[in-house]
Amino acid sequence: MIEEQIRYRIQRAKETYSDAILLFEKGSWNSSINRLYYSAFYVAIALLLHLGLEVKSHNGVKRKLGELVLAGKLNMEQARIYGILSDLRNKGDYDDLFDFDKEMVERLLGPVKELIFEIEKLIEGSKIV
């Protein structure tokens, strides 16, 4: 059951990343940031499930990723990208009169794709999934 949930979350991360690319190509910067965040969120949840860690909030995921960095189980850059996306998603979704621009979104596309790839590789490398 857990293995299925992990695979599902990884698949959702990839699909949501693809959605972010489509939105980027259409010039929907705020929506693209939102989808980039959720793709990172889904893959982070997959990692936490893989490690047997339960989290009940978006901030809880952020905190747990920080703990994984301190424990040497996650790269600092991976947790940093997640934190940046979390902050940007909140700003884009809740701040009035705020819009991202193409350059901001473009700078995040590669790191989020890498985050998904690296976490999937980490999970698969431990033979649980």
query: Can you tell me which residues in the stretch 7-21 are out of contact with any Phe, Trp or Tyr (no Cβ under 8 Å at 6 or more places or on another chain) and closer than 15 Å to Y38 by Cα?
result: Y8, Q11, K14, E15, Y17, S18, D19, A20, I21
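Residues checked against (1) out of contact with any Pro (no Cβ under 6 Å at 6 or more places or on another chain); (2) surrounded by fewer than 17 Cβ atoms within 10 Å (Cβ to Cβ); (3) not small (G, A, S):
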site	(1), (2), (3)
V61	yes, no, yes
G72	yes, yes, no
Q78	yes, no, yes
E103	yes, yes, yes
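Under the condition of being assigned to a helix (DSSP H, G or I), among the basic types (K, R) and in contact (Cβ under 8 Å) with a residue 12 or more places away in the chain, which residue from the stretch 42-81 is farthest from R107 (Cα to Cα)? Talk me through it step by step, then tell me what you get.
Of the residues in the stretch 42-81, the ones assigned to a helix (DSSP H, G or I) are 42-50, 58-70, 76-81.
After this cut, where a residue has to be among the basic types (K, R) as well, the list is 62-64, 80.
Those left that are additionally in contact (Cβ under 8 Å) with a residue 12 or more places away in the chain: 62, 64.
Working: K62: 21, K64: 25 Å.
Checked the stretch 42-81; the qualifying residue farthest from R107 (Cα to Cα) is K64.
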- request: Would you please list the contacts, defined by Cβ atoms under 6 Å and residues six or more apart or on different chains, that run from a residue in the stretch 17-41 that is under 13 Å from D101 (Cα atoms) and without any contact (Cβ under 8 Å) to a residue 60 or more places away in the chain to a residue that is among the small types (G, A, S) and surrounded by 24 or more Cβ atoms within 10 Å (Cβ to Cβ)?
  value: L23/S32
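For every residue, the table says whether it meets (1) of a type outside the set (A, V, I, L, M); (2) under 28 Å from M1 (Cβ atoms); (3) at pLDDT below 95.
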residue: Q11; (1), (2), (3): yes, yes, no
residue: L22; (1), (2), (3): no, no, no
residue: G27; (1), (2), (3): yes, no, no
residue: L68; (1), (2), (3): no, yes, yes
residue: N75; (1), (2), (3): yes, no, yes
residue: F100; (1), (2), (3): yes, no, yes
residue: G110; (1), (2), (3): yes, no, no
residue: E118; (1), (2), (3): yes, yes, yes
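The values are calculated or read from the model by the stated rules, or taken from the named source; none is laboratory data. Note that the coordinates shown come from a computational prediction; the quantities given were computed from them, not determined experimentally. Note that each Cβ is placed from the backbone with ideal geometry, even for glycine, and that neighbours are counted across all protein chains shown.
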